[in-house]
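The values are calculated or read from the model by the stated rules, or taken from the named source; none is laboratory data. Every value quoted in this text rests on a predicted model; they were computed, and no experiment measured them. Neighbour counts are summed over all protein chains in view; Cβ atoms, including those assigned to glycine, are modelled from backbone coordinates with ideal geometry. Areas reflect the complete protein model, heavy atoms only, side chains present, ligands, DNA and RNA absent. Shrake-Rupley method; radii C 1.70, N 1.55, O 1.52, S 1.80 Å.
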Number of protein chains: 2
Amino acid sequence: MARVLTPRAEDFPRWYQDLIAKAKLADNGPVRGTMVIRPAGYAIWERMQAEMDARIKAAGAENAYFPLFIPESYLKREAEHVEGFSPELAVVTHGGGKQLAEPVVVRPTSETVIGEFMAKWIDSYRDLPLLLNQWANVVRWELRPRIFLRTSEFLWQEGHTAHATREDARAYARRILHEAYEDLMVNVLGIPVVVGLKTARERFAGATATYTCEGMMGDGKALQLGTSHELGQNFAKAFDISYSSAEGGREHAWTTSWGTSTRMLGGLIMAHGDDNGLRVPPRLAPIQAYVMIVKDGEGVAEAAAKLCDGLRDAGVRVALDDRTDTAFGRRAVDAELRGYPVRVEVGPRDLAAGNATVVRRTDGSKSPTPVADVVGAVLAALEADQKALHDQALAHRLSRTVEVATLAEAIEAAANGWARVPWSVVGVAGEAEANGQGVTVRCLLRADGSVPDSEDEPDLVAILARAY
Amino acid sequence: MARVLTPRAEDFPRWYQDLIAKAKLADNGPVRGTMVIRPAGYAIWERMQAEMDARIKAAGAENAYFPLFIPESYLKREAEHVEGFSPELAVVTHGGGKQLAEPVVVRPTSETVIGEFMAKWIDSYRDLPLLLNQWANVVRWELRPRIFLRTSEFLWQEGHTAHATREDARAYARRILHEAYEDLMVNVLGIPVVVGLKTARERFAGATATYTCEGMMGDGKALQLGTSHELGQNFAKAFDISYSSAEGGREHAWTTSWGTSTRMLGGLIMAHGDDNGLRVPPRLAPIQAYVMIVKDGEGVAEAAAKLCDGLRDAGVRVALDDRTDTAFGRRAVDAELRGYPVRVEVGPRDLAAGNATVVRRTDGSKSPTPVADVVGAVLAALEADQKALHDQALAHRLSRTVEVATLAEAIEAAANGWARVPWSVVGVAGEAEANGQGVTVRCLLRADGSVPDSEDEPDLVAILARAY
């Protein structure tokens, strides 16, 4: 097969850009840092949305929609928040042909405006917990944009909840972290993320604790794929989100927020892509089986249509490629680029022998298969390859992660992958030193791998890496 | 039941605002003209989206996403388009702490930016038709905002397609009009829209033909619920969307665009709402059956849970209200306000007689029903009430529509409903005169009710009305 992409080993960032362009996943937008998500990319995002939305709803949150435009004054009410976001804001100064009395910012995130409405809607303890989520676009002006990873506008879900106690808020932030984010990433995206606590330095602007899901990419770097924050009473006090307790007093609520974005598309590409293109895990894939007519011939179209029906009846997401006026080789290269998990190639020669060819994207295997057995073979391949992609990514992560004892070793190891090092030998000073060399503390874990409550717990492990 | 809303007959606009507030559908946002869509309103929007998205995909279009920010220069390339939208634009002048070299506008609609990318993606006739849709927020600065009907930011889908010929473009604009828009509005929303052609004066800025779905609201006014446009070659020429034909020449494409928005929520409220609140047609309703525990008692919770399971198994969308610490009367009023099609009330007294009470929102009827028969009764009610709401709205429209012969009569009739009048007696001059009195030509129809190709066809009927 002709070389279509720059090989990953040669230039990983170039490979990433090539893949996005050639698989027609996205384009750069006309305004610097913005992106156009093309149908092939958007279809994957829609599947991520559907899976995420179901998990968020299962955790009891309801979808709502808050305005794109936020008064500049709102941002200023929480000191750390405004400091964190000010350098990235887009500001609207004119509307309807006139200069605005107060400039409005395009939301970089919605804690402030949602805080304002939570304060209106919450009266008593009976109104708690208030569990909200929204699917929206947000804008953060990016100086070094890269499609899906850092764009000036991106699509995301942002959850915002209010609770009666710190314990309730913590439990919910962690419930979303594990039951929605980790579960989706591991079991649908096939990315074996490490879930941990961010250091104070890496915390969300305005949070008291930030939890994160970190994935290892094909080049050994880390990508933060989703975060969940405890906001303490910071926003509750700034926006007066309070409730009358069962005992009759007036208390400030405890809030959380949590988000995942189109960045997951970048993570998917970099976690599973190979030198031939994307590989989409079957549970995620908008098209799981791609039925291709190799060339026209007696009974070929009928056989392909029948296979599509059979696969569809078995619950498989199917597409038919009957564009026989385009060379088969070119279509096959495109199918590899797009990463459809299974191709079913139907041509006159195979068909004369009663076969179709089942091609698995994960390992490239091609198996002539009796037509009557194709549905079963596809189902088996989809099941096996979901696991295979996850297991390959896990093996990759383990092979590129080293246990070290000193900060110097950790920084050195981060040139090639992740370093696990005692947090006690890094500390705040060591973290600053690592940052100076382009290495960050991705998260902190307990020795047993569980998520700590605070960076002050003893015996924590820090994961250091270069990151996107 | 205590009066909760201003009666419609007393003050229709006030009733509308009351209903939105009391049913917790939406709030005004902090920036003038923006809105917050609350969970009860958003759940209905999600159902509209799901039904619309399925129809759009069935018509072959694929979803994509284009940037929120558009270079100001793009808008200026199509003369009528920029003239139409300039007074409504929000302009971003600062990003990332700096003044921008070229101001960017927040999309009021995306013809221009999508035109730019269609030009890049279309090369030959094989790339046509190109059928795209996006779900997005758009901004049009509103001087007289009203929630759902006219807001500075709203949510919508906008479809954009490119075709090889005028005939193909026309056929597709009409396919969406009928198969997606009219079908959804009539058969899901239960609003018997009239589908017709806009006059030149009412056309979309940059279109050569605009088709519309017009619904009659409870006060006899019209609401435009969706439009589909033929854009001719206007945008294709402005953005150089061209293709090489099978014969080898280079031709400009013919494009269309079409949109429906959160305005449909306003239409739903005003078409079906009554003095007790919203009435949501069963096929649309996020909650079709609302199972309420009247008060605690032996076996009540178990019976309610079992009814929920039975309804869910029968494919009904169910919610359980077991908040017995809130007065039943208050909860019942809320359920009326929200417009759940059927309530199933489960209480100790009824249950002792083996019954639950099935309450239909459409006609207010309350039927004690043996527990074993509840699922069947609910299914029958949902089926019947979908039709009943549509038929009531149709009867209302017919009763408030009059056939008249002159412009003066039409303007007079529009005080109370819709007027059907020969377009030949209105014409361009008559339309301007009607506009001066707050009456607009909603659309033009052929005598047989079908949609004309041009306003120059003979024997057209014009529908004149006051409109939102």
Subject >> Neighbours by Cβ (under 9 Å, 6+ apart or cross-chain): first from the range A:423-450, closer than 18 Å to residue A:468 by Cα and without any contact (Cβ under 8 Å) to a residue 40 or more places away in the chain; second hydroxyl-bearing (Ser, Thr, Tyr) and part of a helix (DSSP H, G or I) >> reply: none
Subject >> Near pairs, Cβ below 7 angstrom, 6+ apart or cross-chain, from the range A:347-368 (closer than 13 Å to residue A:279 by Cα) to any residue that is of a type in the set (Phe, Trp, Tyr) and assigned to a loop (DSSP other than H, G, I, E, B) >> reply: A:361/A:340
**OP:** Of all residues in the range B:325-368, count the ones that are farther than 27 Å from residue B:270 by Cβ, crowded, with 17+ Cβ neighbours inside 10 Å and either in the same structural domain as residue B:22 (by TED's automatic domain parsing) or β-branched (Val, Ile, Thr) (or both).
**Re:** 4
Subject >> Breaking point among (1) of a type outside the set (Gly, Ala, Ser); (2) in contact with a helix residue (DSSP H, G or I) (Cβ under 7 Å, 6 or more places away or on another chain); (3) more than 9 Å from chain A (Cβ to nearest Cβ); (4) closer than 30 Å to residue B:280 by Cβ, for residue B:13 >> reply: (2)
**OP:** Kindly indicate which of B:65, B:42 is free of Cβ contacts under 8 Å to residues at least 60 places away in the same chain and either within 9 Å of chain A (Cβ to nearest Cβ) or acidic (Asp, Glu) (or both).
**Re:** B:42
Subject >> Of the criteria (1) in a loop (DSSP other than H, G, I, E, B); (2) surrounded by 19 or more Cβ atoms within 10 Å (Cβ to Cβ), which one residue A:297 fails >> reply: (2)
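So, in the range B:60-88, how many residues would count as being within 18 Å of residue B:156 (Cα to Cα) and modelled with pLDDT of 95 or more? If you could, list the steps in order and put the result at the bottom.
Just the residues of the range B:60-88 that are within 18 Å of residue B:156 (Cα to Cα), to begin with: B:61-70, B:85, B:88.
Those still in the list that are modelled with pLDDT of 95 or more too: B:61-70.
Matching residues across the range B:60-88 total 10.
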Original post:
Do the conditions hold for residue B:369, that is, is it among the hydroxyl-bearing types (Ser, Thr, Tyr) and closer than 24 Å to residue B:193 by Cβ?
Top reply: no
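What about residue A:19, is it in a helix (DSSP H, G or I) and more than 7 Å from chain B (Cβ to nearest Cβ)?
yes
May I ask you to say which residue of A:194, A:188 is open to solvent by 10 Å² or more (accessible area, probe 1.4 Å) and modelled with pLDDT of 95 or more? First the steps, then the outcome.
Numbers: A:188 fails: open to solvent by 10 Å² or more (accessible area, probe 1.4 Å).
Residue meeting the stated conditions: A:194.
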Subject >> In the range A:140-154, residue least open to solvent (accessible area, probe 1.4 Å) [restricted to those that are away from chain B (no Cβ under 12 Å) and of a type in the set (Lys, Arg)] >> reply: A:150
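I'd like to know if the range A:383-393 contains one or more residues that are farther than 30 Å from residue A:191 by Cβ and either touching a residue at least 12 places away in the same chain (Cβ under 8 Å) or within 29 Å of the chain's Cα centre (by Cα) (or both).
Start the filter on the range A:383-393 by keeping residues that are farther than 30 Å from residue A:191 by Cβ, which leaves none.
No, the range A:383-393 contains no residue that is farther than 30 Å from residue A:191 by Cβ and either touching a residue at least 12 places away in the same chain (Cβ under 8 Å) or within 29 Å of the chain's Cα centre (by Cα) (or both).
Tell me the strands (runs of 3 or more DSSP E) entirely within the range B:189-268 that contain at least 3 residues that are over 22 Å from residue B:122 (Cβ atoms) and not assigned by TED's automatic domain parsing to the domain that holds residue B:461. If you could, list the steps in order and put the result at the bottom.
Working: elements: B:194-197, B:209-216, B:222-230, B:242-244, B:250-252, B:254-261.
Ranges flagged: B:194-197, B:209-216, B:222-230.
Can you go through A:113, A:104 and tell me which one is within 12 Å of chain B (Cβ to nearest Cβ) and free of Cβ contacts under 8 Å to residues at least 40 places away in the same chain? Walk me through how you get there before you give the answer.
Details: A:113 fails: free of Cβ contacts under 8 Å to residues at least 40 places away in the same chain.
Result: A:104 is the single residue among A:113, A:104 that is within 12 Å of chain B (Cβ to nearest Cβ) and free of Cβ contacts under 8 Å to residues at least 40 places away in the same chain.
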Original post:
Looking only at the range A:155-177, which residues are under 13 Å from the mean Cα position of the chain (by Cα) and either of a type in the set (S, T, N, Q) or open to solvent by 30 Å² or more (accessible area, probe 1.4 Å) (or both)?
Top reply: A:157
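Within the range A:303-312, is even one residue open to solvent by 60 Å² or more (accessible area, probe 1.4 Å) and within 28 Å of residue A:3 (Cβ to Cβ)?
Just the residues of the range A:303-312 that are open to solvent by 60 Å² or more (accessible area, probe 1.4 Å), to begin with: A:306, A:309, A:312.
Restricting the remaining residues to those that are within 28 Å of residue A:3 (Cβ to Cβ) gives none.
No, every residue in the range A:303-312 fails to be open to solvent by 60 Å² or more (accessible area, probe 1.4 Å) and within 28 Å of residue A:3 (Cβ to Cβ).
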Original post:
Just wondering, is there one or more residues in the range B:125-139 that are within 23 Å of residue B:82 (Cβ to Cβ), of a type outside the set (Phe, Trp, Tyr), more than 10 Å from chain A (Cβ to nearest Cβ) and not in a loop (DSSP other than H, G, I, E, B)?
Top reply: no
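Looking at the range B:65-100 only, could you name the residues that are in a loop (DSSP other than H, G, I, E, B) and either closer than 18 Å to residue A:145 by Cα or open to solvent by less than 50 Å² (accessible area, probe 1.4 Å) (or both)?
Initial filter on the range B:65-100 (in a loop (DSSP other than H, G, I, E, B)): B:66-68, B:76-78, B:89, B:96-97.
Scanning the range B:65-100 gives B:66, B:67, B:68, B:78, B:89, B:96, B:97.
Just to check your reading of the model, which residue among B:56, B:20 is of a type in the set (Val, Ile, Thr), under 29 Å from residue A:262 (Cα atoms) and modelled with pLDDT of 95 or more?
Details: B:20 fails: under 29 Å from residue A:262 (Cα atoms).
Matching residue, one of B:56, B:20: B:56.
Does residue A:180 count as open to solvent by 10 Å² or more (accessible area, probe 1.4 Å) and not assigned by TED's automatic domain parsing to the domain that holds residue A:435? Lay out the reasoning, then the answer.
Working: open to solvent by 10 Å² or more (accessible area, probe 1.4 Å): no; not assigned by TED's automatic domain parsing to the domain that holds residue A:435: yes.
Against the criterion (open to solvent by 10 Å² or more (accessible area, probe 1.4 Å) and not assigned by TED's automatic domain parsing to the domain that holds residue A:435), residue A:180 does not qualify.
Please specify each residue of the range B:49-62 satisfying the condition of being outside any helix (DSSP H, G or I) and within 12 Å of chain A (Cβ to nearest Cβ). Step through it out loud before you land on a result.
Residues of the range B:49-62 outside any helix (DSSP H, G or I): B:59-62.
Hits for the range B:49-62 are B:60, B:61, B:62.
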Subject >> Number of the exception - residue B:382 against (1) over 29 Å from residue B:317 (Cα atoms); (2) out of contact with any Phe, Trp or Tyr (no Cβ under 7 Å at 6 or more places or on another chain) >> reply: (1)
Subject >> Cross-chain or 6+ apart pairs with Cβ under 8 Å, the range A:168-187 first and over 21 Å from residue A:208 (Cβ atoms), then assigned to a helix (DSSP H, G or I) and basic (Lys, Arg) >> reply: A:179/A:55; A:183/A:55; A:184/A:55
